[in-house]
1. Going down the table (Lys469/Lys523; Lys451/Lys516; Lys266/Lys507; Lys443/Lys523), which pairs top 18 Å between alpha carbons?
2. May I ask for the net charge around Glu151, where only other residues with Cβ less than 10 Å from the Cβ of Glu151 are counted and Lys, Arg are +1 while Asp, Glu are -1?
3. Report the label-to-label distance for Leu349 and Asn431 in nanometres (one decimal), using points 7 Å from each Cα along the Cα→Cβ vector.
4. On a full-extension model of 0.36 nm per residue, what is the gain between Asp69 and Ser54, subtracting their alpha-carbon distance, rounded to one decimal in nm?
5. Could you give each residue of segment 70-82 its phi-based ³J(HN,Hα) in whole Hz, using Karplus coefficients 6.51, -1.76, 1.60 with θ = phi - 60°, and x for Gly or Pro?
6. What FRET efficiency comes out for Asn200 versus Ala307 if R0 is 51 angstrom and r is the Cβ-Cβ distance? Round to the nearest 0.05.
7. Got a sec to turn the phi values of segment 83-88 into Karplus ³J(HN,Hα) couplings, 6.51 cos²θ - 1.76 cosθ + 1.60 with θ = phi - 60°, whole Hz, x for Gly and Pro?
8. What ³J(HN,Hα) values, in whole Hz, does the Karplus curve 6.51 cos²θ - 1.76 cosθ + 1.60 give for segment 490-499 when θ = phi - 60°, with x put for Gly and Pro?
Amino acid sequence: MRHYNKLISIISSAALLLSTNMFSLTSYAKVEIVNGNCSFENELPDWIPSDFESAVEFNRAYGATHIEDGFVCCIHKMYGGESCYKEFISGYSRDKASIPYLNNTYEASEENCDFSYNVKIFKPDPTDDFHMLWTRLENGEIDPFDNCCYEFKTDKDGNITEIDDFGWLPDCVTEAKKYKEENGVVSTHGFYVVFCDIGNYGTGYTFNTSTEGLYPIYDDNYEFSDPQIVPLDGGEYAKVTTYDGDGHGTVTMTFTKGRDFEPEEKHEKIVKHFRFDGDLDVTEINEDELDPVLLGDSNYDEKFDVADIVLLQQYLIGRFNIRNAANSDVNEDGTIDVFDLIKMRKMLLSGPDAPIRYTFDENGPILISLYDNFTSLDCIHYQRITIYAGNGKSYSLNYKTMARYDKTNLYDELFSFSDYNWYGALSDLMNNENAEVKESALKPEVFEKTKEMSANLNNYLNDKENISKSISIDRGSETLFLIGADDTGKPEAYSIFTSGDVASIKKNETVQDYVKFLFHNTKLIDANCLMPLIGDDFFYE
């Protein structure tokens, strides 16, 4: 809301100047003295611009504003001539002779220079506050990319302070270098996370930011380079971005600098964690201080209920913003869409507790054999699951639903990897008192190879292409899943081989080699289903 009000304030001020001539200066002369006389020009400090070249140097040293010796100097680079711009000055009495100001426009002598500088000097009395706004008009409309508003406050002792964001935020390369030296590339200031770095137009570097956690995070981007009378290729520029939140919570921000044509590992990355408090002030925190992911908690009130479903529904039709993207992505596919809404409704109906986001346990499941068979004649669904765990044991259970008969099950409900708590369900099955437990279920070399594949699972997650064949064997299907973690530690299940009615295997060569290794060392692989997929050479390896 603060971000929105700031934008409205600037646009409203610009709109006001279009409807009134109050305090508006529309005549531009080389020298114009108001509420003073020519002797005042001789009293101006040397740092105040007196021609185009000195205005360029001022812009390089101070940006758009500077306060010194009791004076305020504001400059604005104008393109297309002064007739394209309107201005608005307000906040103090115009009839005070003790508040002189100077209004000059300086043009370059070089013909190929396409900009000029408007320079204004103020000398406010104690307790006088004022603001200066410039805006460019295109066909009578305000140009949102070329308008600025500077605000100043003077205390009773005559000390002047710039109270807009650029009172502390750099707006030129010189100030950006100093700010970076004093605060680092990433810092905090009041409401804001601040990114400040120096680039070079000739290097091809780009700056990017990604966030995870509190949502939305608003950003304002500024890019400054030293003004050049004659355009040059390349050259330094300052990249300054402010980020502010729309509510309390925590966020992880990743700042990346690199060339698009270079591999990602060569990019420079800075990862920082922040907390926005109830007043929206921001502080840097450690990773272990981040709020935990609570799937379904879209409004970030630390619980999951019907209010979260209503908010997500409004978000999907463009009416409101969700407060936490990670919480709202309940199926954890990286996209917030109607499928998350459907799952949230199911979650609410299934019980009051929100699902837990699990972290992969190396002693937990690493390989799953899941057999499913459904016979429509008797409406019976058979399921058999065997869990091979990182502790060296295996856990086997059977499940059978019978519409005509009593249930004879060893666990409560059918297991499915599509359930949001599938990893927790596997842990529950391992602890089920009905599970058939075997010690040293796999040969030592098979166990070590399987642990290795599980540990490296993140390397294969993007290889999703399968080779599939219809086998026409009406006996259900049995699928092997490797269990591991992605690069965030979140558990992932990766199907590597299916036998039965339709046989399939991953195209990835490393995965295929592992499946062939299982064929030679276990009874988990059906040769009649593997041979149509990759040929019969594996028999002789």
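Read-outs: derived from the displayed coordinates by stated rules, not from any lab. Keep in mind it's a predicted model, so treat the numbers as computed, not measured. Every residue, glycine as well, gets a Cβ built from its backbone with ideal geometry; the counts of neighbours run over all protein chains shown.
1. Among Lys469/Lys523; Lys451/Lys516; Lys266/Lys507; Lys443/Lys523, the Cα-Cα distance tops 18 Å for Lys469/Lys523; Lys266/Lys507.
2. It works out to a net charge of -3.
3. 2.8 nm
4. Working: separation 15, 0.36 × 15 = 5.40 nm, distance 1.79 nm.
Full extension of this stretch gives 3.6 nm more.
5. Listing the rounded values in order: x, 10, 10, 10, 10, 10, 9, 7, 10, 10, x, x, 5 Hz.
6. The calculated FRET efficiency here is 0.55.
7. Each residue's phi maps through the Karplus curve to give 5, 7, 10, 10, 9, 8 Hz.
8. Going residue by residue, I get 6, x, 9, 10, 10, 6, 10, 7, 10, 10 Hz, with x marking Gly and Pro.
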